[in-house]
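Heads up: the structure comes next, in structure tokens.
The values are calculated or read from the model by the stated rules, or taken from the named source; none is laboratory data. A quick note: this is a predicted structure, and the numbers were derived from the prediction, not measured. Glycine gets a Cβ as well: all are built from the backbone with ideal geometry, and neighbour counts include every protein chain shown.
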Amino acid sequence: MTYAGLAVVVVAGALVVALVVARVRRLGARWWAATALAAVVLVALTVVFDSLMIAADLFRYDDAALLGVRVWLTPVEDLAWPVVAALLLPALWALAGAGDGDDERAEVDA
Amino acid sequence: MIALHWTSFVYLALLLGALASMALVDRRARLLLWSAHPGRGAAVLAVGTLVFLGWDLVAIAAGFYSRGGAAMTGVELAPHLPLEELFFIMFLCYFTLVLHGLLRRAVARRSPARRRPARRGVLHAVPDPVREVR
């Protein structure tokens with residue numbers, strides 16, 4: 001398996017969790033909008049800070065295991081991290097029964 | 001032998017500072033560990049952290065990446081998994097949850113169907129019904 005293959009598996013798993021939780025907790029369009037916005041922000045920050053961390057030699061990649069596509073210094077596979085974070089963590093918070101309570105419970109489900 | 005120099009602590013110090021900053025935003029906006037359900041917040045942070053640590057361990061075991069040499073203490077939780085990575089992952093999870101919480105409020109506020117009066121901003125904590133009763 002390549003690093004990209006692993007990334008696809010984890011993203012798929014996070015997406016399934018988010019879809020199931022969205023259904024169980026009846027999360028509406030606003031939750032998905034917040035999730036999409038969070039993903040965009042996290043991906044942008046990842047490009048900047050992952051590149052800085054690579055430039056600082058905090059970690060090194062086996063180039064043979066990478067697709068070879070980089071955004072600045074960030075291998076595209078690393079962008080799976082912020083996508084998984086944006087899908088999985090808010091879903092877990094909503095599943096815990098608290099994440100949808102402060103702002104969305106008062107809303108009528110569309 | 002671990003040669004300790006102040007540069008060994010740069011990354012760890014930055015991460016701890018970032019985590020502390022998240023805690024300040026969380027406290028101000030009462031989103032997670034300062035929400036009405038701090039225990040659930042801690043549990044979600046812990047589960048998310050374990051997921052990313054597991055991802056790291058699989059990727060490291062497969063040889064996709066390894067530890068670099070700079071600006072770290074040299075302490076490893078597992079081969080090629082630096083202590084700093086644990087705090088990085090905790091920060092990633094905490095930041096994501098705080099960001100999503102603020103965005104949920106922002107999105108709810110922009111909606112024409114909102115029923116509640118406008119508040120000062122997304123950092124203004126939603127009134128806690130329990131405290132209001134007191």
Hits in the stretch B:1-32 - residues which are assigned to a helix (DSSP H, G or I) and closer than 18 Å to B:ARG104 by Cα: B:MET22, B:VAL25, B:ASP26, B:ARG27, B:ARG28, B:ALA29
Criterion violated by B:ALA71 - all others in (1) buried (at least 18 other Cβ atoms within 10 Å of the Cβ); (2) modelled with pLDDT under 95; (3) in a helix (DSSP H, G or I) satisfied: (3)
Long-range neighbours under 6 Å by Cβ, at least six apart or interchain, first residue more than 23 Å from B:GLY74 (Cβ to Cβ) within the stretch A:44-62, second surrounded by 13 or more Cβ atoms within 10 Å (Cβ to Cβ) and modelled with pLDDT under 95: none
Residue pairs meeting the criteria (Cβ under 6 Å; at least 6 apart or on separate chains; first over 16 Å from A:VAL76 (Cα atoms) and within 9 Å of another protein chain (Cβ to nearest Cβ), in the stretch A:6-17; second of a type in the set (A, V, I, L, M) and in a helix (DSSP H, G or I)): A:ALA14/A:VAL84; A:ALA14/A:LEU87; A:ALA14/A:LEU88
Residues (more than 9 Å from chain A (Cβ to nearest Cβ) and not in a helix (DSSP H, G or I)) located in the stretch B:86-112: B:PRO112
Single residue of the stretch A:22-37 satisfying the filter (out of contact with any Asp or Glu (no Cβ under 8 Å at 6 or more places or on another chain) and touching a residue at least 60 places away in the same chain (Cβ under 8 Å)) that is surrounded by the most Cβ atoms within 10 Å (Cβ to Cβ): A:ALA22
Residue among A:PHE59, A:PHE49 that alone is in contact with a Gly (Cβ under 6 Å, 6 or more places away or on another chain) and of a type in the set (Phe, Trp, Tyr): A:PHE59
